[in-house]
Amino acid sequence: MSDLKAHHKDNSFINPWDSFRKEHAKTTVSIIGKTRKEPSKVDIAAIQLLAQRPNFDLAEPSWRETRRNVGVTWIGHCTFLLQMYGATVLTDPNWNAKASSPFVFGGVKRLVPPPVAISELPKIDAVVITADRSDKLDKATIKELGNRCKYLVPLKVGSVVESCGISRENIIELDWWEEVSLGGVRFICCPAQHFSGATSMDNKSSSALWCSWAFIGVRARVYYCGSTGYRIARRGQAFLPYKEREDIPACPAFKEIGAKFGPFDLSFLPVANYTPRHMISSLHIDPMDATCLHRDLRSRQSVAHSWGTFNLGGEEDTLDSLRLLEQALMQVGVADSEFSVVHHGVTKIMY
């Protein structure tokens with residue numbers, strides 16, 4: 001196993017791998033607005049038309065029979081309601097109508113409204129948060145959720161959640177590879193390549209930790225990643241073919257997660273908001289690298305997220321990520337059936 005504390009440095013946190021380069025981890029952009037691509041009105045209309053109201057009642061009969069099936073409802077962006085045998089989990093909850101973006105002053109508007117109100121959600125056992133970033137930790141959403149559940153967060157993120165009115169006894173902070181059990185499900189804080197809280201002037205370190213999560217149930221093994229980098233891409237390398245990426249160092253954390261806790265029955269991976277590649281490739285994967293994560297994690301099925309809700313990227317259109325995902329699956333040799341796209345509000349039983 002890698003050094004368990006390699007990501008700790010001088011009371012802050014770093015990405016300890018060769019796959020991270022500070023030059024490709026821009027958290028602010030000085031050319032605000034100049035590279036921004038406006039969302040296609042046709043694409044927005046299409047995804048709004050396909051959105052549905054959730055049916056949370058579908059899950060319980062299914063997983064009570066097998067203890068393996070997972071009810072999956074995509075609220076939008078990184079937010080899923082996962083109904084497992086033993087626990088109902090909400091990931092990176094965000095019901096906000098806007099999100100901050102380095103390319104648009106004042107942020108970007110939500111393209112598809114949340115398909116359900118927070119007051120209409122079923123009983124939640126755990127909220128998991130992957131980073132102290134406004135799109136992952138939306139304070140207004142946390143305040144409305146309140147003290148109805150436990151909040152699982154990476155180190156030094158608990159104080160932000162507490163500032164939203166959440167009792168300290170309902171907040172559990174974990175370091176990478178640490179875990180806690182709730183309702184018969186093991187929640188494991190796993191590595192990712194990203195940032196959290198305030199970043200240093202040189203973009204090398206963060207004031208708070210970031211993470212991904214593994215949920216190990218009685219029979220189901222589920223993995224969730226909010227945002228992560230995997231390989232760097234230099235200027236002019238917007239969407240390199242798979243064969244041309246093999247010699248570029250990849251983040252080793254995902255193979256380690258797959259070896260320790262996989263194979264996973266189901267993984268949730270980001271596929272959008274990846275441009276400009278030469279600026280943010282150390283922080284955000286593109287669809288090609290998402291398919292590589294799918295293989296590293298030894299995932300039986302994966303679900304794409306982060307597309308079609310907030311256009312945070314500078315050069316991509318609303319559905320570009322799904323078009324590139326289709327190409328990536330063919331190049332990497334992953335079957336379409338292994339990497340799903342679900343629409344906003346749709347409740348799907350994953351086997």
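What pairs come out if I take residues in segment 84-108 that are over 22 Å from residue 147 (Cβ atoms) and modelled with pLDDT of 85 or more and pair them with residues that are outside any loop (DSSP other than H, G, I, E, B) and of a type in the set (Lys, Arg) whose C-beta lies under 9 Å away, six or more apart or interchain?
85/64; 97/109; 98/109; 99/109; 108/98
Name the single residue, out of those in segment 215-225 being of a type in the set (A, V, I, L, M, F, W, C) and surrounded by fewer than 23 Cβ atoms within 10 Å (Cβ to Cβ), that is farthest from the chain's Cα centre (by Cα).
218
Quick one: in segment 159-175, of everything that is open to solvent by 20 Å² or more (accessible area, probe 1.4 Å) and assigned to a loop (DSSP other than H, G, I, E, B), which residue is farthest from residue 133 (Cα to Cα)?
167
Please state which one of 101, 119, 167, 134 is of a type in the set (S, T, N, Q), within 30 Å of residue 45 (Cα to Cα) and more than 21 Å from the chain's Cα centre (by Cα).
After applying the criteria, what remains is 119.
Can you tell me which residue among 86, 76 is open to solvent by 20 Å² or more (accessible area, probe 1.4 Å) and at positive phi?
Only one candidate passes the filter, namely 86.
Could you tell me which numbered condition residue 185 fails, if it satisfies all but one of (1) closer than 20 Å to residue 302 by Cβ; (2) under 16 Å from the mean Cα position of the chain (by Cα); (3) not charged (D, E, K, R)?
Exception for residue 185: condition (2).
Report yes if residue 323 is surrounded by fewer than 20 Cβ atoms within 10 Å (Cβ to Cβ), farther than 29 Å from residue 46 by Cβ and either in contact with a strand residue (DSSP E or B) (Cβ under 9 Å, 6 or more places away or on another chain) or basic (Lys, Arg) (or both), otherwise no.
Criteria not met by residue 323.
Would you call residue 258 open to solvent by less than 10 Å² (accessible area, probe 1.4 Å) and in contact (Cβ under 8 Å) with a residue 24 or more places away in the chain?
So residue 258 fits the description; yes.
Step by step: first the residues of segment 141-158, then only those that are within 29 Å of residue 44 (Cβ to Cβ) and over 19 Å from the mean Cα position of the chain (by Cα), then the one that is least open to solvent (accessible area, probe 1.4 Å). Which residue is that?
Among residues in segment 141-158 that are within 29 Å of residue 44 (Cβ to Cβ) and over 19 Å from the mean Cα position of the chain (by Cα), the one least open to solvent (accessible area, probe 1.4 Å) is 145.
Does residue 134 satisfy the condition of being surrounded by fewer than 19 Cβ atoms within 10 Å (Cβ to Cβ), of a type in the set (Gly, Ala, Ser), in contact with a strand residue (DSSP E or B) (Cβ under 8 Å, 6 or more places away or on another chain) and in a loop (DSSP other than H, G, I, E, B)?
yes
Counting just the residues of segment 24-74 that are among the β-branched types (Val, Ile, Thr) and at pLDDT below 70, which one comes out nearest to the chain's Cα centre (by Cα)?
27
Quick test for you: out of 119, 100, pick the one residue that is small (Gly, Ala, Ser), outside any strand (DSSP E or B) and open to solvent by 20 Å² or more (accessible area, probe 1.4 Å).
Criteria check complete, one pass: 119.
Criterion first (more than 19 Å from residue 229 (Cα to Cα), buried (at least 24 other Cβ atoms within 10 Å of the Cβ) and free of Cβ contacts under 8 Å to residues at least 40 places away in the same chain) does residue 180 satisfy it?
So residue 180 fails the test.
The values are calculated or read from the model by the stated rules, or taken from the named source; none is laboratory data. Since the structure is predicted, the reported quantities are computational estimates derived from the model, not experimental observations. Cβ atoms come from the backbone with ideal geometry, glycine included; neighbour counts cover every protein chain shown. To get the accessible areas, we keep the full protein, side chains included, count just its heavy atoms, and leave off ligands, DNA and RNA. Shrake-Rupley method; radii C 1.70, N 1.55, O 1.52, S 1.80 Å.
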